[in-house]
Each structure stands twice: as structure tokens, then as C-alpha cells.
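Here's the structure we're looking at; comments come further down.
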Amino acid sequence: DRATKRIVEAISDKKRIVLIGDYDVDGIVSTTLMKLFFDEIGVELEWIIPNRFRDGYGLSANIISRIKDYDLAITVDNGISAVEAGELCKKYNIELIITDHHLLPKKLPDAYAIIDQKQEDCSFPYDEVCGAQIAWYLIASLKKALNTTVDIKSYIELVAIAIIADMMPLQHINRAMVIAGLQLLNKSERPAIRAFREKLNRESLNAEDIGFQIAPTLNSAGRIDDAKWSV
């Protein structure tokens, strides 16, 4: 709720917002989901996926110089251990919202809000979910707060790719989202998904196609050059 309220205020006040993702499939999908939503509501959102070779992982001190002119920074699938970067954000008056799904370190970054289901006081019923799911739930919260009609259920086709790629246990909400996501993938008109279906010569995609074909392809961009191509 705290993160949602702050993002809505930033949108209303026309603040400069930047998103920091990650170069694996989960981070790529999380970044894509947020960008899709902001595009659909007509709000500018700049995004950065750190380069594995030049920047290292996640919200690191290495990329602060690239975001120092923004008012609000949001992380997806990273940031829970970004203590030094959090301090630098304070120095440059950048408010920081962290969304992550990884284990909490002993010391948390100094952030305006942290969304991570592994926090002790978090009431979310499922411990093992991926970063794209956290991003999707934040989008759902923003949709409600902004009273917009964006069809975020259609995003679940992409969330399913992240759940499988990040090897989340296929139980509870994870299983439900993957089943729904596969149904959406198999009738998707999204050009990238159609291209994957054509390349794999598949009428319909299954979890194995995602785990052994689509996910490695998306991952490869960040390992060879830059994950921005996958986004």
C-alpha cells in the first residue's frame, strides 16, 4: 500500500520515474510488465537493466550516476541487498521503492518501501514466488488505485514464463498462474510469442518449451551482449 500510494503520487506530480530490472528471465519479464503497464496508462517510465559485464548485478553503486536525475527509482527482481546503492539514492534525493523476492540480508537498504514476501511482517500467504509475480501484484494494486481499465490478466502469459524460468515450485498461486499463462500463450498475438511458436514449430507451447527453449533464449542476450534486447 505504501509503495502504491507513493507511485500514484509520483505519477500525479509528473515526477521522473526510473525502473531497475535484472538480466535474467525473471528480471526481464518483471521489467517488461512494468513498462507495458506504464505505456498503457500513458505515463513515461524509463528503465535500465544493468549490464552483466559493465555494471554487475541489480541496483549497484555502478548505475547510480545514470539515475541521479530521477525522482523515484523502483527495482524489480533485485534490490533487497542494495545497501550502498540505497545510501547513494538518499544522497541524490532519489526515493527508492524495492520489489524483490529473494532472501533478506541482515541489513536492509534504506528505502521508502520494500515489497518482498519473505519479510516477517508480510501477510502474503506464499513464500516461494518470483520477482515477476511481485511486479504483477504491484501492477494490480496500481490498477486499483488509479481506477484504470488496463487488462492485466493478459500479462499472465509473460508471468508464467518467469515462474517456470526461475524454477518456482509449481504449487498454489504458481501453478494457477502457469496454467492460466500457458492458455494465454497458446492464443497470444504478441509478436514475440508468435515468433517463438513459429520457430519451435508448435501449435501450442508447454512448460518444457519455456524451460528449455524460450527461457534460455531470453537469458542468452544478457550473457552475450545486453539483456535490453530481450525486453
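The values are calculated or read from the model by the stated rules, or taken from the named source; none is laboratory data. For clarity, every value in this text was computed on a predicted model and none was experimentally measured. Don't worry about glycine lacking a Cβ; one is built from the backbone with ideal geometry, like all the others, and counts go over all protein chains shown. The accessibility values were calculated without ligands, DNA or RNA, using every heavy atom of the protein model including side chains. Shrake-Rupley method; radii C 1.70, N 1.55, O 1.52, S 1.80 Å.
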- Query: Restricting the first residue to segment 57-70 and requiring it to be in contact (Cβ under 8 Å) with a residue 60 or more places away in the chain, which pairs with a second residue that is open to solvent by 90 Å² or more (accessible area, probe 1.4 Å) meet a Cβ separation below 6 Å and a spacing of at least six or different chains?
  - Reply: none
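Which residue, of LEU182, LEU200, LEU138, LEU205, is out of contact with any strand residue (DSSP E or B) (no Cβ under 8 Å at 6 or more places or on another chain), open to solvent by less than 80 Å² (accessible area, probe 1.4 Å) and closer than 19 Å to THR32 by Cα?
Working: LEU200 fails: closer than 19 Å to THR32 by Cα; LEU138 fails: out of contact with any strand residue (DSSP E or B) (no Cβ under 8 Å at 6 or more places or on another chain); LEU205 fails: closer than 19 Å to THR32 by Cα.
The match here is LEU182.
How many of the residues making up segment 35-52 are closer than 14 Å to LYS228 by Cα and either open to solvent by less than 20 Å² (accessible area, probe 1.4 Å) or touching a Leu at 6+ places or on another chain (Cβ under 8 Å) (or both)?
Step one: filter segment 35-52 for residues closer than 14 Å to LYS228 by Cα, giving 35, 46-52.
Now drop any that are not either open to solvent by less than 20 Å² (accessible area, probe 1.4 Å) or touching a Leu at 6+ places or on another chain (Cβ under 8 Å) (or both), which leaves 35, 46-51.
Adding up the residues that qualify gives 7.
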- Got at least one residue in segment 151-162 being touching a Ser or Thr at 6+ places or on another chain (Cβ under 9 Å) and surrounded by fewer than 16 Cβ atoms within 10 Å (Cβ to Cβ)? yes
- Message: Residues that are aliphatic (A, V, I, L, M) and in contact with a helix residue (DSSP H, G or I) (Cβ under 6 Å, 6 or more places away or on another chain), at least 3 per element: which helices (runs of 4 or more DSSP H) completely within segment 136-223 meet that?
- Response: 156-165, 172-185
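Does segment 200-208 contain any residue that is out of contact with any Pro (no Cβ under 7 Å at 6 or more places or on another chain), touching a residue at least 40 places away in the same chain (Cβ under 8 Å) and farther than 30 Å from GLY42 by Cβ? Give the derivation first.
Here is the first cut: in segment 200-208, the residues out of contact with any Pro (no Cβ under 7 Å at 6 or more places or on another chain) are 200-208.
Filter once more, so that each one left must be touching a residue at least 40 places away in the same chain (Cβ under 8 Å): 207.
Applying the additional criterion that residues be farther than 30 Å from GLY42 by Cβ yields 207.
Checked against the condition, which is being out of contact with any Pro (no Cβ under 7 Å at 6 or more places or on another chain), touching a residue at least 40 places away in the same chain (Cβ under 8 Å) and farther than 30 Å from GLY42 by Cβ, segment 200-208 yields at least one hit.
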- Task: Give ASP24, ASP55, ASP71 a once-over and let me know the one that is surrounded by fewer than 21 Cβ atoms within 10 Å (Cβ to Cβ), farther than 18 Å from ILE115 by Cα and within 19 Å of the chain's Cα centre (by Cα).
- Result: ASP55
